Amino acid sequence: MKLLSIWTPHLLLKRELDKVAEATIKCLDELMKEYSPESLNQLENLVMEGNIEDRRALMAEHHNIQVNALIESLGYEKAMDVGRKALFEEGYKLGLETRKLLGLKGENLQDTVKAAELMYRVLGIDFEVKNLGKNMVLRVKRCALADHYSPETCRMMSAADEGVVHGLNENMNMLFKKRITEGAKECEACINFDIN
């Protein structure tokens, strides 16, 4: 993990981004199949190509289309409710996978934060965590997706981030309070660490 935190090969970043795109798009496709099948039938399959920035933009634009279709079909509140629940679960699975791969222990906060930094490097997200302990604050300083996401897509997709953190460490629960896409200078999330 130390080596990857210093230098992550570009090929690995692309591969991991494609994996995240596949998981989140499939999750939203399943919701569209249930709630907006006509929109799903009109949606073209995403082909991830180009450099890492191009791939992030392609994924984000596809997410925007999917989220808009769900909102159009269900209304804003219900779309957010079903979308955030499903994406939290998808993020949780991704976090669990990474936790197992890296052999993370639940009580080690520093390793959890390092693992999250590695995962979010793939998405072009830089953050810092303040007050490492029971009540932490995560601040996103740079987010490559904020230039592409609508506020609605960002709100829904942030549930996947909250799920990832819980998957990396089940003693941690995160909730975003501010988002760059909604006009904030930086994204901000509260993280509670509860270990018995």
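Pull up segment 54-82, narrow it to residues that are without any contact (Cβ under 8 Å) to a residue 12 or more places away in the chain and not small (Gly, Ala, Ser), then point me to the one that is farthest from residue 30 (Cα to Cα).
My answer is 54.
Just to check your reading of the model, which residue among 175, 132 is out of contact with any Ser or Thr (no Cβ under 7 Å at 6 or more places or on another chain) and assigned to a loop (DSSP other than H, G, I, E, B)?
Among 175, 132, only 132 is out of contact with any Ser or Thr (no Cβ under 7 Å at 6 or more places or on another chain) and assigned to a loop (DSSP other than H, G, I, E, B).
Of all residues in segment 124-136, how many are over 14 Å from the mean Cα position of the chain (by Cα) and open to solvent by 30 Å² or more (accessible area, probe 1.4 Å)?
7
Scan segment 28-52 and report the pairs whose first residue is touching a residue at least 60 places away in the same chain (Cβ under 8 Å) and whose second residue is assigned to a helix (DSSP H, G or I), with Cβ atoms within less than 9 Å and a gap of 6+ or a chain change.
Taking only residues 6 or more apart or on different chains, the pairs are 52/10; 52/13; 52/14; 52/17.
Filter segment 68-103 down to the residues that are of a type in the set (Phe, Trp, Tyr) and surrounded by fewer than 16 Cβ atoms within 10 Å (Cβ to Cβ) and list them by number.
76 - this is the single residue of segment 68-103 that is of a type in the set (Phe, Trp, Tyr) and surrounded by fewer than 16 Cβ atoms within 10 Å (Cβ to Cβ).
Does segment 104-119 include one or more residues that are touching a helix residue (DSSP H, G or I) at 6+ places or on another chain (Cβ under 7 Å), on the phi > 0 side of the Ramachandran plot and in a loop (DSSP other than H, G, I, E, B)?
Within segment 104-119, none of the residues are touching a helix residue (DSSP H, G or I) at 6+ places or on another chain (Cβ under 7 Å), on the phi > 0 side of the Ramachandran plot and in a loop (DSSP other than H, G, I, E, B).
Rundown of residues vs (1) under 20 Å from the mean Cα position of the chain (by Cα); (2) under 24 Å from residue 147 (Cβ atoms); (3) surrounded by 13 or more Cβ atoms within 10 Å (Cβ to Cβ); (4) at pLDDT 95 or above, yes/no style:
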| residue | (1), (2), (3), (4) |
| --- | --- |
| 9 | no, no, no, no |
| 39 | no, no, yes, no |
| 54 | yes, yes, no, yes |
| 65 | yes, yes, yes, yes |
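Going by the conditions given, is residue 43 over 17 Å from residue 23 (Cα atoms), surrounded by 15 or more Cβ atoms within 10 Å (Cβ to Cβ) and modelled with pLDDT under 95?
no
Return yes when residue 173 is in contact with a His (Cβ under 7 Å, 6 or more places away or on another chain) and open to solvent by 10 Å² or more (accessible area, probe 1.4 Å) and no when it is not.
Against the criterion (in contact with a His (Cβ under 7 Å, 6 or more places away or on another chain) and open to solvent by 10 Å² or more (accessible area, probe 1.4 Å)), residue 173 qualifies.
Could you grab me the full set of residues in segment 22-37 that are among the hydroxyl-bearing types (Ser, Thr, Tyr) and either open to solvent by 50 Å² or more (accessible area, probe 1.4 Å) or part of a helix (DSSP H, G or I) (or both)?
24, 35
The values are calculated or read from the model by the stated rules, or taken from the named source; none is laboratory data. These numbers come from a predicted model, not from an experiment. All Cβ positions, glycine included, derive from the backbone under ideal geometry; neighbour counts span all protein chains shown. Heads up: the accessible areas ignore ligands, DNA and RNA and are worked out on the full protein's heavy atoms, side chains in. Shrake-Rupley method; radii C 1.70, N 1.55, O 1.52, S 1.80 Å.
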